[in-house]
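Novice: What follows is a structure written as structure tokens; I'll ask about it next.
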Amino acid sequence: MDDPIWHALTVEVRRAVDAYLAVGRHVHAIKAIRDASPEPAPGIRACNDLIADRMAELGLLPNGPVPGKA
């Protein structure tokens, strides 16, 4: 995954985010990303875009475009 926010996270936080996404806890995933990111923390939209990309990478979304992405 080529996202600067994702690469700034520790391996432990990345694993936690993946675990949250696997069980549909998107808000928890966003909170984990924001809490672990250096200041200034990324906005909700940037986190939401990141988790949408991560879910697609993990195969957690049906095939097709990600909603809200061009």
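The numbers here are math on the coordinates, done by the rules we state, and not lab data. All figures in this text were calculated on a predicted structure; none of them were measured in a lab. Methodologically, a virtual Cβ is constructed for each residue, glycine included, from the backbone with ideal geometry; neighbour enumeration extends over all protein chains shown.
Novice: Once label points are set 7 Å from the Cα along Cα→Cβ at both Asp35 and Met1, what is their separation, rounded to one decimal in nm?
Specialist: 1.7 nm
Novice: Work out, step by step, the length gained on full extension between Asp18 and Leu58: first 0.36 nm times the residue separation, then minus their alpha carbon distance; give nm to one decimal.
Specialist: 13.6 nm
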